[in-house]
Amino acid sequence: MRFLSLAGRNIKEVYRDPVSMILGVAMPAALLLLFSSIGKDAPLDAFTADNLTPGVTVFSFGFLTMFSAMLLAKDRQSAFLTRLLIAPLKSTDFILAYMLPFLPVAILQTAVCFAIGAILGITLDLSIALALVVLFTVAVACIGIGMILGSFFTENQVAGAGSLVIISISLFGGVWMDLKTVGGIFESVGYALPFAHAIDAARAILKGSGLGGVTTEFYWIIGYTLVFFLLGVFSFRWRTKHAS
Amino acid sequence: MKQNIGRNNKGPENENDYAVQTFGLTKKYGERIAVNAVNLSIKKGELFSLLGPNGAGKTTAIKMLSCLIKPTAGTAAIMGHDIKRNPAAVKQIINVSPQETAIAGHLSTWENLLLMGGVYGLSKEETKKRAQELIELVGLTGRAREQVRKFSGGMQRRLSIAMALISDPQVLFLDEPTLGLDPQARKALWKQIEKLKGQKTILLTTHYLEEADALADRVAIINEGKIVALGTPSELKKDIYGMQTMVIKAQNFTAEIIEDLKKAYPQTKKAENGIEIRAKELVFDDIVDYLRGQGVKIQWLSMKEPSLDDVFLSLTGKETADEVS
Ligand SMILES: Nc1ncnc2c1ncn2[C@@H]1O[C@H](COP(=O)(O)OP(=O)(O)O)[C@@H](O)[C@H]1O
Ligand SMILES: [Mg+2]
């Protein structure tokens, strides 16, 4: 259980950085409140709680990519990872210790978004549990992307690439409105990526569709998550074997 | 075969007396040879220094010895465990304070030490006990609960060494432990390292000659991946460092005088307002008498103790790279 010590450190390293907490948790919450208040003045369907809450939650997961990649890139650059690689740890220890700490972050982000969603009038029934399953799958994909970026990029490059992921989710995920109503390149690019599928699925579930109504979307999400997760694991594994 | 011969030998050449032995240890990066067929034997309990300029191959050597990278050729044994065949055993008994400080900035001193204890599989109680002792040893008592990213360079280095000591390694590698520190912090850190002498086998790399001189039982000078000299600091001083330099300031030195001196002392050269003579043994009276006889009016004369930098220069043809402060 040596990975637990390291995972504990990684959790502290993330939570003790106020900037990451503000960007990853407080900002999405503020955006959710902002957009829903716009929705009140102009009764657009896009800005209802059921539509906005899953969108903003997935948007906030973009920061999981940023944080996990940043932690790894920083530890590589400061040679802290070198110190750890000298220790008798296994590849699995590293992978668990650098991925698991971001699940509580995802839980916190989701909890904050859905708590606000509840105040704003999200449908409150068992469908929420199903929506959460769909969303957490995407969270795992985002952490996987973070491992890929963090294994190969420097801190500065991660800042750029991580922002690109967050912007991509925002533009091509249909976070703020249904991509089908936007159309064009946003629709075609968006549905080639997993984020729009996840947001669509969670929205449909909240509006009463069971898992049966979103099977296509679910395959997209699971497929992409597997790819990103495995690529993340292999990138990091490769990095732990090729120290410098 | 080789090992058997070593074992049968009685006396100081016994294999079991060595904590670290390298056998033609080599690392190539493409065409560049970072470490070139290095053979070293470090005795148990010894503080051994690998001294060399930047890029000499010191860090690469430590990376191989700590099983971070694989040698291109040759191998090494740490306490009898081969680094290629049994890296798991090696990892359990060594620890490294890397050249970069490599500490967790958002954690406190205490938390950094507990983390490393956990990573090495120590029990909570044992880690806490050792952490307490180490915090005192490296003089961080009173700062144990602060996040370490705000610490001075010297304090971070001390923590880095404590983190390497938490696993109670039999062999400790210190890669340029005083790099980037001001002279005061450097001297303070030397005191801490001196306390470890005799208790652990330590391989310390440095590009500061004074550091190797002050701390090491034995020194190997490494240049472009090769060991170019090896011995105790005093041996090295006698054999290699033992150059004396006489600086003479005077007018009317002629080319003939310099040529004449060169016959006796080949390393005679023109210097600012005079000449410089370097040799292992300078016969002071002869030189002065000769110069007087030639009608040279000596204005100023001094004997320079060989600076360690001079030695390095003569040995490797390179100045030691000093920190730009
Ligand atoms: N990963 C690497 N790839 C290519 N060359 C390297 C690598 N690491 C070190 N080198 C080269 O090997 C030589 C020795 O480097 P190093 O061991 O870091 O020297 P030192 O620690 O003595 O300053 C240098 O010329 C350096 O550029
Ligand atoms: Mg080095």
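The values are calculated or read from the model by the stated rules, or taken from the named source; none is laboratory data. These figures come from a predicted structure and were not determined experimentally. So basically every Cβ, Gly included, is an ideal-geometry build from the backbone, and we count neighbours across all protein chains shown. All accessible areas refer to the heavy atoms of the entire protein, side chains included, with ligands and DNA or RNA removed. Shrake-Rupley method; radii C 1.70, N 1.55, O 1.52, S 1.80 Å.
Is it the case that B:ILE83 is within 13 Å of another protein chain (Cβ to nearest Cβ), surrounded by 15 or more Cβ atoms within 10 Å (Cβ to Cβ) and more than 16 Å from ligand 2 (Cβ to nearest atom)?
Yes: the conditions hold for B:ILE83.
Check every one of the helices (runs of 4 or more DSSP H) wholly within the stretch A:177-244 and list those with 1 or more residues that are modelled with pLDDT of 90 or more and of a type in the set (S, T, N, Q).
Ranges flagged: A:184-190, A:215-241.
For the stretch A:52-130, which helices (runs of 4 or more DSSP H) that fit wholly inside it have 2 or more residues that are under 17 Å from the mean Cα position of the chain (by Cα)?
A:91-99, A:102-120
Among the residues in the stretch B:206-222, are any closer than 21 Å to B:MET116 by Cα and more than 16 Å from ligand 2 (Cβ to nearest atom)?
Scanning the stretch B:206-222, I find no residue that is closer than 21 Å to B:MET116 by Cα and more than 16 Å from ligand 2 (Cβ to nearest atom), so the answer is no.
Restricting attention to the stretch B:62-80, which residues are more than 12 Å from chain A (Cβ to nearest Cβ) and open to solvent by 10 Å² or more (accessible area, probe 1.4 Å)?
Within the stretch B:62-80, B:PRO71, B:THR72, B:ALA73, B:GLY74, B:THR75, B:ALA77, B:MET79, B:GLY80 qualify.
Would you please name the residue that is farthest from B:THR178 (Cα to Cα), looking only at residues in the stretch B:88-99 that are away from ligand 1 (no atom under 12 Å from the Cβ) and at the interface with chain A (Cβ under 9 Å from one of its Cβ atoms)?
So, considering only residues that are away from ligand 1 (no atom under 12 Å from the Cβ) and at the interface with chain A (Cβ under 9 Å from one of its Cβ atoms), the one farthest from B:THR178 (Cα to Cα) is B:ALA88.
Collect the residues in the stretch B:50-80 that are away from ligand 2 (no atom under 16 Å from the Cβ) and in contact with a Ser or Thr (Cβ under 7 Å, 6 or more places away or on another chain), keeping them in residue-number order.
Matches in the stretch B:50-80: B:PRO71, B:THR72, B:ALA73, B:GLY74, B:ALA76.
Scan the stretch B:49-75 residue by residue and report those that are within 25 Å of B:ILE193 (Cα to Cα) and more than 15 Å from ligand 1 (Cβ to nearest atom). Can you show your working first?
In the first step, residues of the stretch B:49-75 are kept if they are within 25 Å of B:ILE193 (Cα to Cα); the result is B:49-68.
Passing the criteria: only B:CYS67.
Within the group A:ALA159, A:ALA192, which residue is farther than 19 Å from A:GLN109 by Cβ, in contact (Cβ under 8 Å) with a residue 12 or more places away in the chain and of a type in the set (Gly, Ala, Ser)?
Every option except A:ALA159 fails the conditions.
Quick one: which residue in A:LEU33, A:LEU23 is closer than 23 Å to A:PRO104 by Cα, over 17 Å from the mean Cα position of the chain (by Cα) and assigned to a helix (DSSP H, G or I)?
A:LEU33
Please tell me if B:ARG85 is within 16 Å of ligand 1 (Cβ to nearest atom) and of a type in the set (D, E, K, R).
Spelling it out, it is not the case that B:ARG85 is within 16 Å of ligand 1 (Cβ to nearest atom) and of a type in the set (D, E, K, R).
Can you give me the number of residues within the stretch A:162-199 that are open to solvent by 30 Å² or more (accessible area, probe 1.4 Å) and of a type outside the set (Gly, Ala, Ser)?
Total satisfying the criteria: 16.
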